[in-house]
Protein chains: 4
Amino acid sequence: MLNVAVVGASGYTGVELLRLLYCHPEVAVTCITSEQSAGRPVAVVFPTLRNRYAQVLENLEPVRVAQKADLIFTALPHKAAMEVVPTFLELGKRVVDLSADYRFNDPAVYEKWYEPHMNPENLKEAVYGLPEIRREKIGDARLVGNPGCYPTSVILGLMPLLNKRLIDPSTVIADSKSGVSGAGRGAKVENLYCEVNDGFKAYGVGGVHRHIPEIEQELSLLAGKPITITFTPHLVPMDRGILSTVYARLTGTVSVAELVKLYAEFYDGEPFVRVLPAGNVPSTAHVRGSNFCDIGLAVDGRTGRVIVVSAIDNLVKGAAGQAVQNMNIMYGFPEAMGLEGLPLFP
Amino acid sequence: MLNVAVVGASGYTGVELLRLLYCHPEVAVTCITSEQSAGRPVAVVFPTLRNRYAQVLENLEPVRVAQKADLIFTALPHKAAMEVVPTFLELGKRVVDLSADYRFNDPAVYEKWYEPHMNPENLKEAVYGLPEIRREKIGDARLVGNPGCYPTSVILGLMPLLNKRLIDPSTVIADSKSGVSGAGRGAKVENLYCEVNDGFKAYGVGGVHRHIPEIEQELSLLAGKPITITFTPHLVPMDRGILSTVYARLTGTVSVAELVKLYAEFYDGEPFVRVLPAGNVPSTAHVRGSNFCDIGLAVDGRTGRVIVVSAIDNLVKGAAGQAVQNMNIMYGFPEAMGLEGLPLFP
Amino acid sequence: MLNVAVVGASGYTGVELLRLLYCHPEVAVTCITSEQSAGRPVAVVFPTLRNRYAQVLENLEPVRVAQKADLIFTALPHKAAMEVVPTFLELGKRVVDLSADYRFNDPAVYEKWYEPHMNPENLKEAVYGLPEIRREKIGDARLVGNPGCYPTSVILGLMPLLNKRLIDPSTVIADSKSGVSGAGRGAKVENLYCEVNDGFKAYGVGGVHRHIPEIEQELSLLAGKPITITFTPHLVPMDRGILSTVYARLTGTVSVAELVKLYAEFYDGEPFVRVLPAGNVPSTAHVRGSNFCDIGLAVDGRTGRVIVVSAIDNLVKGAAGQAVQNMNIMYGFPEAMGLEGLPLFP
Amino acid sequence: MLNVAVVGASGYTGVELLRLLYCHPEVAVTCITSEQSAGRPVAVVFPTLRNRYAQVLENLEPVRVAQKADLIFTALPHKAAMEVVPTFLELGKRVVDLSADYRFNDPAVYEKWYEPHMNPENLKEAVYGLPEIRREKIGDARLVGNPGCYPTSVILGLMPLLNKRLIDPSTVIADSKSGVSGAGRGAKVENLYCEVNDGFKAYGVGGVHRHIPEIEQELSLLAGKPITITFTPHLVPMDRGILSTVYARLTGTVSVAELVKLYAEFYDGEPFVRVLPAGNVPSTAHVRGSNFCDIGLAVDGRTGRVIVVSAIDNLVKGAAGQAVQNMNIMYGFPEAMGLEGLPLFP
């Protein structure tokens, strides 16, 4: 039985980790922290956990946390993560970090989009935790930087095309749409029910969203050359889900059937990537609550563009589920263990 | 491994059964039927099941279904169920019926609220499948009439009060609110997104809803005398969930703390009933996707009334989950097997 | 042209007043205040007003506000209202107050449910602004206490029954459901989109909601004797709307048709009350954005109870629209002026 | 007073026309037709109209309709419109057609994307009713082809850029998102509440949506050369609203401030186009129920692309409101008459 800690559990990602870990047969959750709710039973903060989680939320004292667990999920805001992760590693623990602090190969990129990096040494060894790209390195990692939600959807959508050099990388546009849980549980007017319900908007327009460098890092590695993309996030009046519609100019002629075949082969054996038959389009409703990434493909013959549509649950494959998947790989558990739950529909 | 069939799988209850059974370690789904979609892969009708259910939907030929399974879940409209259930029983199969056809002790009651009953013989032996009331009879049953969604929420909410004779039964009013999945998957204008979204309404006002006799049957048994209630259903713009607010006049003075204690003792050991501490009120959001029934209690000292608020997921504890719970009891599986999933929040 | 001020305009009631007043041909909005957004253009705070309202939000300095306007709408929290209303009155202005501060005949009731009253003198002369009850007094009033949203829906629903002594007043139960805008625009976790969406809950259960004494005051006046009710509010995942389902025991036998006729006669000539034919049930979706109160009636012959269902838009008939209606009465404008807009559907 | 008919009033566009026309001081609605609900009072079909519209829905007999009205709004499906419009014109009536039947300059385009055109003669004289492009021709028109909802949002978003030749037309990608009312009021499973709620999907991916040729026709006219675009529609879980995110490569360097200035000048004096200051992004919530088109602008300097975001209410500026605006122009009424209502928020 693996003892794990969930650090920063008062947000939506934290409670989703607790939901998933509850059904994982090889894991015991031995420590749950929350600065703002320390001292309160976690089941009072999240009534969904009542009668199933008896734990009381603790303060985040890294040494004490490390004494209680062998693997630590850090579900903290960026910067807060790198304040504690070094201690966990020094004490011999392994970490899956769900913040942005350990996702970048180059600290300079982090510093351009975020702020000064306090822990470049550990950043060096951190593995970007997208299993479909680097399952093996994850297996050996002490520190996994769990991917962002938007990047997961865009990278999985584009991988086979870049791998096969079928598109002009300078033409990539990702138009992404997210449910509101992606904005977190902070008390902000803009995320009130009445501000969001029955409306739709873009935000972070013009190449300013912090997930851009993360997407570009991985796409560039896949393409073997630097890629710059246009990325626009939007807010959908729904709890969960990200749907990315990705456009690129094809370098040659290829049919949808050929693309579907290519994708199906590329992702053959992947437990959580589902390539849809030609003519089918993903919906976030079909992955809700699950670790799936559904991918649909279309070609606009009139303009020579490919359109890739990918759908994930931002809290699962885009955060907590992928973190559990990474844990499974790190500890040699079956990769889908604890992630077998089918999507909730409706 | 128990072979089970899901009959009538193209509705929301059907797909919910398939979602739950997929995670049940002792069950194999060997037959899935749908009259309207026979011949199509079930994962095409419900894309949530893609890559996990390979089965093709079959026509409902009772003999063939019975050959494939030992337990049959009938998720059919009322009347359609009693057209096939007798055959299943004759062929030695056990049945959990999710329609109203086998819920009534007295065929005359069924006939008053529904239509002539075609199978009164089997109705006699059928067990009303609310585990918290008659777990033992369910264990031996060949035929279980799975309770309606509204009745489940109202009966569980009132049981301890009636059991202890704390209320005047003639004063019971149940004001219930349901998500839209309770209305089924039929193509009706009134259930279109734009008709329902951002609005709230009552329906079936004035003592005409068919769940009334079912509630009254069980409450009367609990009280030891006939009870007539006022019941009003409402439609909430949400997918899942029923919240019932039940009012009754107290026969004596009792505090909320005493009521909470009473309920906690009454439901002690029940795996799925959660009695909330005084001052807490249930929300359907806290049981979404789970088999829980959350119950909150309040006393209006000014008027001498008790107010019980109960919340379930209508598709789980109100239908498919309770059916699986009944199956577990019938076959001696741990009662919560396959129903461990925590509520999805948000 | 009447010069009006909207004081406390950064909430949902404030912006709704501005929306309605924009279409009122006899009114000029000459002053808009907001403590938290003073100095910012109101159209920046509420982009719906862009290109239509050029005003900048001001601080609430009562004397300056009074200099700019003859009628002042105070859309402030309770207590904040009675801190400024006396000044407005002293300076010869008329006031429609949308808080609870001037709704009660008896300061002791206010003090029991709210806090010490700072302005009992003006409270004495204030008129409870429900036009259907006391249109004439409103016409002459200097100070109108605009009714609460829940009370508007419950009182209008019960008036004819009490007036004709058709029910036992001790049996009144009001089960009310409100959209989220009723909770205001404050940044609270509990009103975040993800906390509210796709869920339904009760709150303030057990006779503790502050709208109870307001309802009881008016029902008691109508009945000619003190009435105590049970009232439970609920939160619906929708922006606007209140639906109240009100139960009471009939003192005699009366048919739905007779009740509909009674209500239709009682409300004959009322511009905003719509009595629905027997068999019809109101929906908040059918009054959205309008000043209508729709009322449906049913009798449960099995239990001898009447069920009244009433629907309003909480921001219009339950707040800003009723305030404009009161203004129209106070100044002799046609009562529906500026309130002609039909409900927005879908 | 102008007598108008609304033909095909049982859909969402029809009821929206009735809502808007009710507040128009120069118009009397003298005839309302609906094939499926003929004989029923329109206020029974749409309870929002109760007590305000006494009319009974009629069958669509063109001659009788033409006897009753001078202007006819045809809110029919495509093909059904061109079956009756010729009769209206022959009888000397004017028509605003809300279907696709009279939007194309070239019948061959219509026939490629729709079906054989039955009335090419009248098509020739029809004016594409986007006031911001051809206000003058609309004024003289007998027959106006009211624009589609998606085209309105995309064309208004791109006009100034094409007019000033600031973008490479071959790089235009329009990623559009629509509320569910755009799918009509037909009873289809895919538009049920539970199918749509809390989910997001693309549809018509790959250059197949019928609004493409309409967009391309107008953009090509503006650019002075043929333009082919990539267009992907999506479905948002909300009632109303379209938000289009449009991408194009800039031919030179231009700042957001310059673009905002350009747009503001281009649309100077337009009653319904609101150009947002730099840094502001439109939301459909801010135009809900109104005839506004809000436009926001951003430049992605990293990739040399401009991103235009435009928001409309699909039922107003995208259908019924624009139709009323066209009527106002045709009859010399003030262009905003009957369309003064501010957006409903929340």
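The values are calculated or read from the model by the stated rules, or taken from the named source; none is laboratory data. Just so it is clear, the model here is predicted, and its values are computed rather than measured. Backbone-built Cβ (ideal geometry, glycine too); neighbour counts: all protein chains shown. Just the protein is used for accessible areas: all its heavy atoms, side chains included, with ligands, DNA and RNA removed. Shrake-Rupley method; radii C 1.70, N 1.55, O 1.52, S 1.80 Å.
Determine the relative contact order of the range A:150-314: mean sequence separation of Cα pairs under 8 Å and six or more apart, normalised by residue count, in whole percent.
30
Let me know the mean shielding of B:15-24 by other chains, meaning the per-residue number of their Cβ atoms within 10 Å of its Cβ.
Counting Cβ atoms of other protein chains within 10 Å of each residue's Cβ and averaging gives 3.
Please tell me the relative contact order of the range A:217-346 in percent, rounded to the nearest whole number, where contacts are Cα pairs under 8 Å and at least six residues apart.
That works out to 25 percent.
Please tell me the relative contact order of the range C:124-233 in percent, rounded to the nearest whole number, where contacts are Cα pairs under 8 Å and at least six residues apart.
Values: 114 pairs, mean separation 33.4, N = 110.
After rounding, I find 30 percent.
Based on the Cα atoms of chain B, what semi-axes does the equivalent ellipsoid have, where each is the square root of 5 times one gyration tensor eigenvalue, given in whole Å with the largest first? Please report the intermediate quantities before stating the final value.
Details: eigenvalues 211, 93, 79 Å².
Semi-axes from the Cα gyration tensor: 33, 22, 20 Å.
Computed FRET efficiency, Cβ-Cβ of A:Glu125 and A:Glu83, R0 25 Å: what is it to the nearest 0.05?
0.90
Points 7 angstrom from Cα along the Cβ direction at A:Arg210 and C:Met1: gap in nanometres?
4.9
Long-range amide H contacts for B:Val127: which residues qualify at under 5 Å (H placed 1.01 Å from N, peptide plane, sequence gap of 5 or more or a different chain)?
Amide H neighbours of B:Val127, under 5 Å, 5+ apart: B:Leu143, B:Val144, B:Gly145.
Report, for C:Pro277, each distance to the same residue's label point in the other copies, shortest first and in nm; define the point 7 Å along Cα→Cβ.
4.8, 5.4, 5.4
What list of ³J(HN,Hα) values in whole Hz, one per residue of the range B:195-207 in order, does the Karplus curve 6.51 cos²θ - 1.76 cosθ + 1.60 (θ = phi - 60°) give from phi, with Gly and Pro shown as x?
7, 9, 4, 6, x, 8, 8, 8, 8, x, 7, x, x
Given points 7 Å out from each Cα along the Cα-Cβ axis, report the C:Tyr22 to A:Asp168 separation in nanometres with one decimal.
4.4
When you count, for each residue, the other Cβ atoms within 10 Å and take the mean per peptide, how do A:78-88, B:211-221 rank with the highest first?
Highest to lowest by the protection proxy: B:211-221, A:78-88.
For chain C, set up a Gaussian network in which alpha carbons nearer than 10 Å are linked by springs, and say which option among C:Asp101, C:Asp168, C:Asp198 fluctuates the most.
Among C:Asp101, C:Asp168, C:Asp198, the largest GNM mean-square fluctuation belongs to C:Asp198.
Measure up A:Lys93/A:Lys225; A:Lys79/A:Lys177; B:Lys164/C:Lys112; D:Lys177/D:Lys261 against 30 Å on the Cα-Cα distance and list the ones that go over.
Numbers: A:Lys93/A:Lys225 35 Å; A:Lys79/A:Lys177 26 Å; B:Lys164/C:Lys112 35 Å; D:Lys177/D:Lys261 26 Å.
Distance filter (> 30 Å) returns A:Lys93/A:Lys225; B:Lys164/C:Lys112.
Quick one: with label points 7 Å out along Cα→Cβ, list the inter-copy distances for B:Glu61 in nm, shortest first?
5.4, 7.1, 8.9
Around A:Cys293, which amide H atoms from residues at least 5 apart in sequence, or from another chain, sit under 5 Å from its own amide H, with H modelled in the peptide plane?
Close amide H contacts, sequence-distant or interchain: A:Val273, A:Arg274.
Please compute the average number of Cβ atoms from other chains found within 10 Å of each residue's Cβ in peptide A:203-211.
5
Would you calculate the separation in nanometres between label points at C:Ala336 and A:Lys225, each defined as 7 Å from the Cα along the Cα-to-beta-carbon direction?
Using points 7 Å along Cα→Cβ, the separation is 6.9 nm.
In whole percent, and with a 1.4 Å probe on the protein chains, what portion of the accessible area of chain D is carbon and sulfur?
On the way: 5310 of 10560 Å².
C and S fraction of accessible area: 50 percent.
Put a label point 7 Å from Cα along the Cβ direction on C:Lys261, then list its distances to the equivalent points in the other copies in nm, shortest first.
Spelled out, the distances from C:Lys261's label point are 5.6, 7.4, 7.8 nm.
Need one word for the range D:76-224: rounded, prolate or oblate. Basis is the Cα gyration tensor (sqrt eigenvalues a ≥ b ≥ c); a/c below 1.5 gives rounded, then a/b vs b/c decides.
On the way: a/c = 1.92, a/b = 1.13, b/c = 1.70.
Oblate, since a/c reaches 1.5 and b/c is not below a/b.
I'd like the accessible area for A:Trp113: 1.4 Å probe, protein heavy atoms, all chains in place, Å² to the nearest 10.
Ignoring ligands and nucleic acids, A:Trp113 comes out at about 40 Å².
Report ³J(HN,Hα) in whole Hz for each residue of the range B:95-109, in order, from the Karplus equation J = 6.51 cos²θ - 1.76 cosθ + 1.60 where θ = phi - 60°; Gly and Pro get x.
Once rounded to whole Hz, the list reads 9, 10, 9, 8, 7, 8, 5, 10, 9, 10, 6, 10, x, 5, 5.
Just to check I understand the Karplus step: with θ = phi - 60° and J = 6.51 cos²θ - 1.76 cosθ + 1.60, what whole-Hz values come out for the range B:170-181, glycine and proline as x?
Using θ = phi - 60°, the values come out as 6, 10, 6, 10, 10, 9, 10, 9, 10, x, 6, 4 Hz.
Which three lengths, in whole Å and largest first, does the range B:150-314 cover when its Cα atoms are put on their principal axes?
Over the range B:150-314, Cα extents along the principal axes are 48, 30, 30 Å.
Just counting partner chain Cβ atoms within 10 Å, what average do the residues of peptide B:244-252 show around their Cβ?
The per-residue average across the peptide is 2.
Taking amide hydrogens as modeled 1.01 Å from N in the peptide plane, which residues meet the under 5 Å criterion relative to B:Ile167, leaving out close sequence neighbours?
B:Thr251
Per residue, what volume in Å³ does the convex hull of the Cα atoms of the range D:2-125 enclose?
Numbers: hull volume 12.4 nm³, N = 124.
Per residue, the Cα convex hull of the range D:2-125 comes to 100 Å³.
Given a 1.4 Å probe and no ligands, DNA or RNA in the count, how much accessible surface is buried by A and D, both sides, to the nearest 100 Å²?
On the way: alone 14790 and 14800 Å², together 25660 Å².
About 3900 Å² of accessible surface is lost on pairing.
In Å, what is the Rg of the alpha-carbon atoms in the protein assembly as shown, and how long is Dmax?
Final numbers for Rg and Dmax: 31.4, 89 Å.
Identify the residue of chain D whose Cβ lies closest to the rotation axis that maps chain D onto chain A, and give that distance in whole Å.
Spelled out, residue of D and its Cβ distance from the axis onto A: D:Asp175, 2.
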